[in-house]
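J.: Could you have a look at this structure, given as structure tokens, before my questions?
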Amino acid sequence: MPSASVASVASVAVGAPTRPIRVPIPEKKGQQGPATAESRRLSKSLKRKRDENELAALSTAVENFDSKTATLFAELPLTRQSAVALDKSHFKALTDIQRKAIPLALKGKDVLGAAKTGSGKTLAFLIPVLENLYRKQWNHLDGVGALIISPTRELATQIFEVLRKVGREHTFSAGLVIGGKKLKDEQEALHRMNIVVCTPGRMLQHMDQTVGLNFENLQMLVLDEADRILDMGFRKTLDAIITNLPQERQTLLFSATQTKSVSDLARLSLKEPEYVAVHEAAASATPVTLEQFYMVVPLHEKLDTLFAFLRNHLTAKIIVFMSSCKQVRFVYETFRQLHIGIPLLHLHGKQKQTARTDITARFLASPNSCLFATDVVARGLDFPGVDWVIQIDAPEDADTYIHRVGRTARYEKTGRALLFLCPSEETGVIKRLEAKKVPIVRVNAKQSKKKEIKPQMQSLCFKDPELKYLGQKAFVSYVRSISIQKDRETFQLAEYPLEEFASSLGLPGQPRIKGMKTADTERIKERKNLPRALRKLEEEQAAATAAADSDDDSDADLAKKKDEKKDEKKVRTKHDKMVERQNQNVLAEHYRSLVHDADASDDDADFLQVKRTGYSDSEGEEEDDKEDEEADADADSTGGAVDLIKKVVLGPDGKELIIDSKRREKLVTSKKKIAALKSKGVKLRFDDEGNARSVYELQDEEKFLASGAPEDQRKSFLQTEGKKVKIADVEDRDLAKRKKKEKKEKRKRLEREAMGEEMAAEHNEEEEGIQLYGKLELPDWNATSDDDEEGGGVELQEKSERPSKKRKKEKRRVIEAEDEPETLEDLEALAAGLLG
Ligand code: ADP
Ligand code: MG
């Protein structure tokens, strides 16, 4: 088949705007005359024939190509499309890796390519991808022909951009599958792709979730930064991806720090791979145009040194590497407010994809700026014109170092790199770098250029709690990053001045880290894990040296020590342990003396009850607290958990409470115990405004005397207060009246409701003298209403509440019914009784 018919689909970029490269436009049938159709058919078949011939010639040329001396792309057996695109992109001369790897890859061999950073590895795999698929006459119906995997989104995007450049004359469809957008958007386009550039996680997601996606026809698998993709971080994902790929395929692996691990290569089922390591014999693993320096900087001076460095390089393009996203954010946010004078940017894996893309583009375009970043930009990214790579945190290994510094001095350009090392890291890190052939020179910072920024950092953190919080997180993540370093010998947490570091970040104190191993906990753990016998031996030795040290030890003391040793040999009971525990303020001074006495009469000890206090307000108890620590350490060695770090919290009554044992810790969490510790409280009275006042509030005596003679003051006070009382009396009376009236009205209303309308009517008629149903009457407790209003007072109220006995009696005489009828039946019975 002629090549033109193979390449027939538009190029689709997923994750980037869909942009057709070349779409064949079908001709309209109506426009074709019979003569033109015939000539077209002829020319088509001729063209096809010619293309077939070209393809056959190209395949033979590739098979026979054996020139290791080729220096130009033009000398390689490439398609016209690739040659034209390369020429247009100004790629003319071949780099070493390109000269060696491209011919092998064109022949369909598996290649392990290793070459320094910035030496043109991207083209070394992209050209074979385009060429091989072309010679296989790959078209849109064939599905995915090549899968290129990159460890980061940014690098995948960059590879895709280079592919667009050198593949612009081809008509394959290529796509970028890196996530950061809707899966659905990528899914549709994925079915039309011939070349996929992806990150491992997102690719696996599609393999699991995109219906109908298959890689049965896959011809080529490429891993850029192969050692990174094959390491622990991507292990599971990559293994899962590989299970979806056919075994029969060509595999290309490229990296500056190539893996030679047999097990890794077995995972990829490589077939007799060609190892192309162009710089293996070179004196250094890094570009020759790269100058590398390191500086020994104490942890708490790192930010000062960085600040001073940036101040002195305002026109440079700089990348600053840190070990975690939180540090990047914190340093970026604080330095931004310090107005250094160089544009600042930051990039890390926790940012949204749009922000990541935007920042990458801005840094690419900027002539001078400083990018704070994590290792997300350590590999592969080709930012033009980077002058400096600064690593303020040590890289996790020499390979990471090589990749980080590889962001500068790319493709024959010059560049410089500076690494900050803490004093304790120097020996270990430098040894490892030298072993990897990294030429690095120690330099010192000029003292005159240094500037302490701690006050500014402190003021920033003080003003903005969010910044302080970020600082705390940065601190924690840095400490974590040290504690998880693989090289335990070089990175020992105990060697870092964490308190000073926290304060250099502007923090008021060192944030606590849950589960963090400190020197103390390590020591306790070590001691705990020692065999019992060894521990005893150690203790004895320590005691012996202590005895030797103190020459002025009296005989009596020595005798006492001997006794103690004897005692140790005895089996210690629970009771013994209890008595030994002269700690936690358990034993008050008098009780301790009792205990010493109790040694003679042990029986008494059982009856003694121990009362605990947790306060440090007496001198003697402070002594006890020291003993406490030791006792707790002992407790730990026998199985109890311990936290030797003393905490001082404010107790319920404002006194300082020392928490140095589990028991005390429980004490502050128990409500009951806190209540017991609290003082009884004071009696308060609330004034009219609702303010709490103490019951006895005395006026200042001097003030009182100054405002007149006491007797006069008393009189005027009585007068004014008397007036107030009178007014209050009148008001009170009115209020009482109003209330009474309301009450009465309410009662009336309730009665009416209870009786119903008819009964109410009856009641009215009865009042007028008309009697129905015989002499049925209700007690008349409404009759006094008028009197109430006139007379008022307590008496009347009583009257209104209870009808007088006299009246009741009169009415009873008339009614002659003992109880009020409640129901209709009662009424009927009563009426019948009256009638009958
Ligand atoms: P690597 O992957 O080895 O780190 P890249 O493939 O990213 O290196 O290439 C580094 C730089 O070198 C890029 O800017 C690229 O455009 C340039 N480059 C690559 N090959 C050539 C070449 N043959 N001629 C000129 N420039 C090249
Ligand atoms: Mg690369």
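J.: Expressed as a whole percentage, what fraction of the accessible surface of region 67-277 belongs to carbon and sulfur atoms when a 1.4 Å probe is rolled over the protein heavy atoms?
T.: Carbon with sulfur: 51 percent of the solvent-accessible area.
J.: Name the GluC sites (Glu not before Pro) in region 680-755 that are in a loop by DSSP and that have at most 11 other C-beta atoms within 10 Å, would you?
T.: Here the sparse-neighbourhood loop sites are 689, 697.
J.: Could you derive backbone 3J(HN,Hα) for region 212-223 from the dihedral phi with the Karplus parameters 6.51, -1.76 and 1.60 (θ = phi - 60°), listing whole Hz in sequence and x where the residue is Gly or Pro?
T.: x, 7, 9, 10, 3, 8, 3, 9, 9, 10, 10, 10
J.: For region 169-252, just run the numbers: alpha carbon Rg, then divide by 2.2 N^0.38 Å, N being how many residues it has.
T.: With N residues counted in region 169-252, Rg over 2.2 N^0.38 Å equals 1.07.
J.: Residue-wise, which Karplus ³J(HN,Hα) couplings in Hz belong to region 168-178, taking 6.51 cos²θ - 1.76 cosθ + 1.60, θ = phi - 60°, and x for glycine or proline?
T.: Taking θ as phi minus 60°, the curve returns 5, 8, 8, 10, 6, 9, 10, x, 10, 10, 10 Hz for region 168-178.
J.: Please report the equivalent ellipsoid semi-axes of region 269-312, computed as sqrt(5 x eigenvalue) of the Cα gyration tensor, largest first, in whole Å.
T.: The three semi-axes for region 269-312 are 40, 15, 10 Å.
J.: Using a Förster radius of 45 Å, what is the FRET efficiency between residue 711 and residue 686 based on their Cβ-Cβ separation? Nearest 0.05, please.
T.: Here the calculated transfer efficiency is 0.90.
J.: Please report the net charge: other residues with Cβ closer than 14 Å to the Cβ of residue 112, K and R +1, D and E -1.
T.: Local charge sum for residue 112: -2.
J.: Ok, one more. Amide H of residue 346: which non-local residues (sequence gap of 5 or more, or other chain) have their own amide H closer than 5 Å, using H built in the peptide plane?
T.: Here 372 satisfy the definition.
J.: Okay, next question. Would you please give the residues with an amide H less than 5 Å from that of residue 419, counting only those at least 5 places away or on a separate chain, with H modeled from the backbone geometry?
T.: 293, 294, 295, 391
J.: Now a separate question. Pick out, in residue order, every one of the chymotrypsin sites (Phe, Trp or Tyr not before Pro) in region 686-731 that is DSSP loop and has at most 15 other C-beta atoms within 10 Å; say none if there are none.
T.: Passing both the DSSP loop test and the Cβ count: 696.
J.: Can you give the Rg and Dmax of region 186-326 based on its C-alpha atoms, in angstrom?
T.: Radius of gyration, then largest Cα-Cα span, for region 186-326: 20.9, 57 Å.
J.: For region 341-424, run through the chymotrypsin sites (Phe, Trp or Tyr not before Pro) and keep only the ones in DSSP coil with at most 14 other Cβ atoms within 10 Å of their Cβ.
T.: 411
J.: Which order, highest average first, do 256-266, 444-454 follow once you tally other Cβ atoms within 10 Å for each residue and take the mean per peptide?
T.: 256-266, 444-454
J.: So for region 290-446, what percent of the C-alpha to C-alpha distances run longer than 20 Å?
T.: 45 percent
J.: Quick one: pull the percent of accessible area on region 290-446 belonging to carbon and sulfur, 1.4 Å probe, ligands and nucleic acids left out.
T.: Carbon and sulfur together cover 52 percent of it.
J.: Using a simple spin-label model with points 7 Å from Cα along the Cα→Cβ vector, what separation in nm is obtained for residue 40 and residue 450?
T.: 8.1 nm
J.: Need the C-alpha centroid separation for region 250-274 versus region 101-174, integer Å.
T.: Between the Cα centres of region 250-274 and region 101-174 lies a distance of 17 Å.
J.: Kindly flag which residue pairs out of 107/260; 68/436; 68/236; 236/468; 44/68 have an alpha-carbon separation exceeding 31 Å in this structure.
T.: From 107/260; 68/436; 68/236; 236/468; 44/68, over 31 Å: 68/236; 236/468; 44/68.
J.: If one computes the Cα centroid of region 328-368 and of region 205-241, what distance in Å separates the two points?
T.: Centre-to-centre (Cα) distance: 31 Å.
J.: Can you work out ³J(HN,Hα) from phi for every residue in region 42-54, in order, using Karplus 6.51 cos²θ - 1.76 cosθ + 1.60 and θ = phi - 60°, giving whole Hz and x for Gly and Pro?
T.: 4, 5, 5, 5, 5, 5, 4, 4, 5, 4, 4, 5, 4
J.: Dividing the alpha-carbon Rg of region 67-277 by 2.2 N^0.38 Å yields what?
T.: Rounded to two decimals, the normalised Rg is 0.95.
The values are calculated or read from the model by the stated rules, or taken from the named source; none is laboratory data. Source: prediction; values computed, not measured. Virtual Cβ from ideal backbone geometry, glycine too; neighbours counted across all protein chains shown. When the accessible area is computed, the model is the full protein with side chains, heavy atoms only, and any ligands, DNA or RNA have been set aside. Shrake-Rupley method; radii C 1.70, N 1.55, O 1.52, S 1.80 Å.
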